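Everything below concerns the one structure shown next.
The values are calculated or read from the model by the stated rules, or taken from the named source; none is laboratory data. In this text the structure is predicted, and so the values were computed from the model without any measurement. We place every Cβ from the backbone using ideal geometry, glycine too, and count neighbours over all the protein chains shown. Note: accessible area is taken over every heavy atom of the protein model, side chains too, but ligands, DNA and RNA are not part of it. Shrake-Rupley method; radii C 1.70, N 1.55, O 1.52, S 1.80 Å.
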Amino acid sequence: MLSSVYAPKDFKRLRVSGDLVARCFDFISPHVVAGVSTGEIDRLVAQFLKDNGARSSDLGYMGYPKSICTSVNDVIVHGIPSDEVILKDGDIVNVDLTAEYHGFHGDASRMFMIGNVSNKARELVQTCQDALNAAISICAPGVPLSEIGKTIEAVVKPHGFSISHDFVGHGIGKVMHDEPEIFHFYDKMWDNVKMVPGLVFTIEPMINTGKPDCVIDADGWTARTVDGGLSAQWEHTLGITEDGVIIFTEKMNSSC
Ligand code: MF3
Ligand code: CO
Ligand code: CO
């Protein structure tokens, strides 16, 4: 059940892969603005990964055609970058970037707000980031996996937003998607499964202004809110240490 448990030497590799993902976000951030297509952002990521000896974990995964996912406004996850999708003032967009470097995967996603964004959209984006950070803060050896979903619910529910139940976080490491599944809502199934040192997984809550449910576009990937409501997501790759948690998909400071 907990197949994504890794040794300390692997944590060093995961840290390097995660750092690369974070640096790629820094590289693309100035370009995620009104007038730029999601296809162009995809090309920038592909070039950065190539230049740094890494590869996109997404490209070719179950036939996925691009190097990243770009999910705009009502898209919950797995939006396919396209030259036809041009970012405009008021949009919110999630860029989800998974890279493999020297055999280890780092998976993270961030929201970008394009120009003047509505108060509601801003609250959604902020609440989702708060939910991820709150969930990360409770991770430690001995903590049941169900605490993650419980913590996310406690942050999201007071705002009246819904949590997508259709997509989960996941174990990760030498493969992109591994066990365990990480639920972003409370499920008693995980009350008895406790975090152990070495466990590596993602937390990636998706929250919506309207209903939690999704519909999938004809492309077989793009998952949209069923009611056209806005959706936001943030994601990090994490590792459980002897006494807490490490976020792999943050930049390393130069002293490391
Ligand atoms: N990065 C996504 C995740 O968080 C996976 C995308 S798979 C793809 O798990 F094929 F859609 F790219
Ligand atoms: Co993920
Ligand atoms: Co991801």
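Taking region 198-210, which residues are out of contact with any Ser or Thr (no Cβ under 6 Å at 6 or more places or on another chain) and either among the polar types (S, T, N, Q) or open to solvent by 50 Å² or more (accessible area, probe 1.4 Å) (or both)?
Once the filter is applied, which keeps residues that are out of contact with any Ser or Thr (no Cβ under 6 Å at 6 or more places or on another chain) and either among the polar types (S, T, N, Q) or open to solvent by 50 Å² or more (accessible area, probe 1.4 Å) (or both), region 198-210 yields only Thr209.
Among the numbered conditions (1) open to solvent by 60 Å² or more (accessible area, probe 1.4 Å); (2) touching a Lys or Arg at 6+ places or on another chain (Cβ under 9 Å); (3) of a type outside the set (Phe, Trp, Tyr), tell me where Asn52 comes up short.
(1)
One line per residue, one yes/no per condition, for (1) closer than 27 Å to Leu2 by Cβ; (2) open to solvent by less than 50 Å² (accessible area, probe 1.4 Å); (3) of a type in the set (Lys, Arg):
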| residue | (1), (2), (3) |
| --- | --- |
| Tyr101 | yes, no, no |
| Gly106 | yes, yes, no |
| Met113 | no, no, no |
| Ser118 | no, no, no |
| Val125 | no, yes, no |
| Leu132 | yes, yes, no |
| Ile136 | yes, yes, no |
| Cys139 | yes, yes, no |
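I'm told Leu238 meets every condition in (1) in a loop (DSSP other than H, G, I, E, B); (2) closer than 23 Å to Phe185 by Cα; (3) not charged (D, E, K, R) except one. Can you identify the failing condition by its number?
(1)
Identify, by number, the condition in (1) touching a residue at least 12 places away in the same chain (Cβ under 8 Å); (2) closer than 24 Å to Gly18 by Cα that Ala154 doesn't meet.
So the condition that Ala154 fails would be (2).
Considering (1) in a loop (DSSP other than H, G, I, E, B); (2) open to solvent by 10 Å² or more (accessible area, probe 1.4 Å); (3) touching a strand residue (DSSP E or B) at 6+ places or on another chain (Cβ under 9 Å); (4) under 21 Å from Ser56 (Cα atoms), say which one Met252 fails and leave the rest.
Unmet for Met252, out of (1) in a loop (DSSP other than H, G, I, E, B); (2) open to solvent by 10 Å² or more (accessible area, probe 1.4 Å); (3) touching a strand residue (DSSP E or B) at 6+ places or on another chain (Cβ under 9 Å); (4) under 21 Å from Ser56 (Cα atoms): (3).
Could you grab me the full set of residues in region 84-99 that are under 24 Å from Ser162 (Cα atoms) and either more than 15 Å from ligand 1 (Cβ to nearest atom) or surrounded by fewer than 16 Cβ atoms within 10 Å (Cβ to Cβ) (or both)?
Within region 84-99, Gly90, Asp91, Ile92 qualify.
Spot the failing condition for His165; the list is (1) outside any helix (DSSP H, G or I); (2) open to solvent by less than 40 Å² (accessible area, probe 1.4 Å), and only one is missed.
(2)
Limited to region 138-151, what total is found for residues that are in a helix (DSSP H, G or I) and free of Cβ contacts under 8 Å to residues at least 24 places away in the same chain? Write out each step before concluding.
Step one: filter region 138-151 for residues in a helix (DSSP H, G or I), giving 146-151.
So of that shortlist, the ones also free of Cβ contacts under 8 Å to residues at least 24 places away in the same chain come out as 147, 151.
Number satisfying all stated conditions: 2.
Quick check, is Ser29 modelled with pLDDT of 95 or more, among the hydroxyl-bearing types (Ser, Thr, Tyr) and part of a helix (DSSP H, G or I)?
Working: modelled with pLDDT of 95 or more: yes; among the hydroxyl-bearing types (Ser, Thr, Tyr): yes; part of a helix (DSSP H, G or I): yes.
It is true that Ser29 is modelled with pLDDT of 95 or more, among the hydroxyl-bearing types (Ser, Thr, Tyr) and part of a helix (DSSP H, G or I).
Using beta carbons and a limit of 7 Å, which pairs, at least six apart or on different chains, have the first residue in region 198-210 and on the phi < 0 side of the Ramachandran plot and acidic (Asp, Glu) and the second one open to solvent by less than 10 Å² (accessible area, probe 1.4 Å) and assigned to a strand (DSSP E or B)?
Going by the 7 Å Cβ cut-off, the qualifying pairs are Glu204/Ser109; Glu204/Gly169; Glu204/Gln233; Glu204/Glu235.
Can you find a residue that is part of a loop (DSSP other than H, G, I, E, B), within 11 Å of ligand 1 (Cβ to nearest atom), in contact (Cβ under 8 Å) with a residue 40 or more places away in the chain and surrounded by 20 or more Cβ atoms within 10 Å (Cβ to Cβ) anywhere in region 175-197? Before the answer, list the steps.
Step one: of region 175-197, the residues part of a loop (DSSP other than H, G, I, E, B) are 175-177, 183-187, 191-193, 195-197.
Next, from what is left, pick out any that are within 11 Å of ligand 1 (Cβ to nearest atom): 176-177.
Imposing the further condition that a residue be in contact (Cβ under 8 Å) with a residue 40 or more places away in the chain reduces the set to 176.
Retained after the next criterion (residues that are surrounded by 20 or more Cβ atoms within 10 Å (Cβ to Cβ)): none.
No: zero hits.
Could you check region 89-108 and list, in sequence order, the residues that are closer than 14 Å to Thr70 by Cα and either out of contact with any Ser or Thr (no Cβ under 9 Å at 6 or more places or on another chain) or without any contact (Cβ under 8 Å) to a residue 60 or more places away in the chain (or both)?
Asp91
Looking only at residues in region 56-78 that are open to solvent by less than 30 Å² (accessible area, probe 1.4 Å), out of contact with any Leu (no Cβ under 8 Å at 6 or more places or on another chain) and among the hydroxyl-bearing types (Ser, Thr, Tyr), which one is farthest from ligand 2 (Cβ to nearest atom)?
Among those residues, the one meeting the criterion is Thr70.
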